[in-house]
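What follows is a short report on a single structure.
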Amino acid sequence: MDTTHKVVICGAGSGAHVLAGLSSQRKNIETNILIIYKDKAEEWNKTSEYNPLKITVHDHKGDKKDVVCNKINVCKDPGLVIPGCDVIILTVPAYAHGVYLEAIKDYLPEGVTIIGLPGQPGFEFAVKQTLGKNAARKYTIASFESLPWACRVQEFGRHVNILGTKDNMTGAVSNCNSKGVDILQVMIGKYPKLKIKGDLLAMSLMSINSTLHPCIMFAKWNKWDECPLEEPPLFYQGIDKNAIRLLTDVSNEILGAAKTIQRMVKGVDVSSQVVHMYSWYLTSYPTCIEDPDTFLRAVATNRAYKGLIHPVVKTDDGGYVPDFDSRYLTEDIPYGLAPIKGICEIAGISTPNIDRVLAWKPPKRQYGRRLYYDYF
């Protein structure tokens, strides 16, 4: 790739840290970050002025190495970074998609690729709603099923951990122009290998976080007695048979919707992208999973998830209770599982298991200090 490409990464969470850091290492990529949230852009610049961003990469063997990134342009003003860009990547919670799209819409160059990483269900509709009904003709819209990595910020603007990297990741584009996705592949490196196929609607159904997070939260906490725990429970490694049973049933409902839509709408490729979540794990994390024999063991022995805990709040007396205001519910239900339910409903698919999760009303009591958060 001889031409220099200008990219803008929207967001300041774990994914944005990793993507910007890796991109800064690539030849012929001009990396910019747009953070419109509060004064986070200024904070990032101050934090990294004398200590550039460092990425600690944990590989599939359990070894780790540090990557010191090149300087990254971090800005709050979209008018300074959006004009002339080739690719815009939204790595923010779905509830912030509209905020960023509204902020950048007056500066967008025609032909730019707008990527949801991940897109979450209905990403393309959010783009069209904000940028106008002609958005699909003026821009390329791309959406991916998840982030390329399991990652967590250790120190804002200075240090981020890659706990695991997927081997493969699937996405879709609104037209045949894959130039922006090719640039994204250069940014992230060799892995995961990005695969583009099928229709954007499939990305809405195949939104992993939208099913995984709410179902695990429901299985763990729907019968909670509201007594604090002594330690924060492990999120993935602590998964049990009830959660796996629920995830299996929800996956089957989504698969049913995909197959029905495939029969209903000629020429729309949906079912080839929508697979059972167990199959998705085996394809995405083949080198990270220690025991792939069952769905439960595939999740529980995935090294990319090592040590990750449930979103919790620390009580005044030192206990731990679930944080029901975390993005695992506040994003992944209204911007995830609920739209999936709507698609299933349009397809005429009954979804009793999805309905159970959507009907759940967690306690509203909050305690102490949140220990899990993200930035946008």
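The calculated P(r) of the chain, using every Cα pair and 10 Å bins from 0, goes 5, 24, 34, 26, 10, 1, 0 in percent. Under the simplified labelling scheme, the Lys266-Asn73 pair shows an inter-label distance of 4.9 nm, with each label point 7 Å from Cα along Cα→Cβ.
Computed from point charges on the beta carbon alone (+1 for Lys and Arg, -1 for Asp and Glu), the dipole magnitude for the chain about its Cα centre is near 540 Debye. Any of Lys133/Lys197; Lys40/Lys105; Lys65/Lys341; Lys54/Lys364 with alpha carbons more than 30 Å apart? Name them for me. Among Lys133/Lys197; Lys40/Lys105; Lys65/Lys341; Lys54/Lys364, the Cα-Cα distance tops 30 Å for Lys65/Lys341; Lys54/Lys364. Averaging sequence separations of C-alpha pairs under 8 Å and six or more residues apart, then dividing by the length of segment 103-199, give the relative contact order as a whole percent. The value is 24 percent. Take the Cβ atoms of Cys176 and Lys61, set R0 to 45 Å, and the FRET efficiency comes out at 0.70. Note: relative contact order over segment 171-296, using C-alpha pairs below 8 Å and six or more positions apart, is 29 percent.
Determine which residues of segment 131-145 fall in the zone a paramagnetic label at Tyr191 would reach in this model, i.e. backbone nitrogen under 14 Å from the point 7 Å along Cα→Cβ. No residue passes the distance filter. On full extension, the segment bounded by Glu290 and Asp106 gains 61.4 nm, given 0.36 nm per residue less the C-alpha separation. Accessible area per residue, 1.4 Å probe, Å², for segment 55-185: what's the number? Solvent-accessible surface per residue comes out at 40 Å². Using heavy atoms of the protein chains and a probe of 1.4 Å, the accessible area assigned to Lys190 is about 140 Å². In the context of the full set of protein chains, segment 197-312 has a per residue accessible area of 42 Å² (1.4 Å probe). Here the contact order of segment 1-156, divided by its residue count and restricted to Cα pairs under 8 Å and six or more residues apart, works out to 24 percent.
Calculated on C-alpha atoms, the gyration radius of segment 17-160 divided by its Kirkwood radius gives an Rg/Rh of 0.97. A simple spin-label model places the labels of Thr4 and Ala136 3.6 nm from each other, with each point 7 Å out along Cα-to-Cβ. For segment 330-336, putting each phi into the Karplus relation 6.51 cos²θ - 1.76 cosθ + 1.60 with θ = phi - 60° gives couplings of 5, 9, 6, 9, x, 9, x Hz, in residue order, rounded to whole numbers and with x for Gly and Pro. Here the spin labels are modelled as points 7 Å beyond Cα on the Cα-Cβ line, and at Asn252 and Lys364 they lie 3.6 nm apart. Taking a span of 27 Å or more along the helix axis (Cα atoms) and a mean Kyte-Doolittle hydropathy of at least -1.0 as the rule, the DSSP H helices of the chain that qualify are 241-264.
Near Glu345: Cβ cut-off under 14 Å, other residues only, Lys/Arg at +1 and Asp/Glu at -1. The net charge is -1. Expressed in units of 2.2 N^0.38 Å, where N is the residue count, the Cα radius of gyration of segment 141-201 is 1.25. Return the lysines within reach of Lys241: Cα separation strictly under 18 angstrom, same-chain partners fewer than 8 residues apart disregarded; answer none if there are no such residues. Result set, ordered by chain and number: Lys220, Lys223. Once the convex hull of all Cα atoms in segment 214-365 is built, its volume per residue stands at 115 Å³. Note on surface exposure: Glu231, Glu124 rank Glu231, Glu124 by accessible area, highest first, 1.4 Å probe.
Counting only residues at least eight positions apart within a chain, or on another chain, the aspartates and glutamates with an alpha carbon under 13 Å from that of Lys71 are Glu30, Glu49. Multiplying the residue separation of Arg158 and Asp355 by 0.36 nm and subtracting their alpha-carbon distance yields 66.8 nm. Helical runs (DSSP H, four residues minimum) scored at -39500 (n - 2.57) apiece and divided by the length of the chain put the mean residue ellipticity at 222 nm at -10000 deg cm²/dmol. For the pair Asp240 and Glu49, the difference between a 0.36 nm per residue extended length and the Cα-Cα distance amounts to 64.3 nm. When +1 charges are put on Lys and Arg Cβ atoms and -1 charges on Asp and Glu Cβ atoms, the dipole computed for segment 217-374 relative to its Cα centre reaches about 360 debye. Using the alpha-carbon positions of segment 142-255, Rg (one decimal) and Dmax (whole number) come out as 17.4, 54 Å.
The fraction of accessible area contributed by carbon and sulfur in the chain is 48 percent, rounded to a whole number (1.4 Å probe; ligands and nucleic acids excluded).
The values are calculated or read from the model by the stated rules, or taken from the named source; none is laboratory data. What you see is a predicted model, and the numbers here were worked out from it, not measured in a lab. For neighbour counting, all protein chains shown are included, and Cβ atoms are generated from backbone atoms with ideal geometry for every residue, glycine included. Protein only, heavy atoms only, side chains kept; ligands, DNA and RNA dropped before computing areas. Shrake-Rupley method; radii C 1.70, N 1.55, O 1.52, S 1.80 Å.
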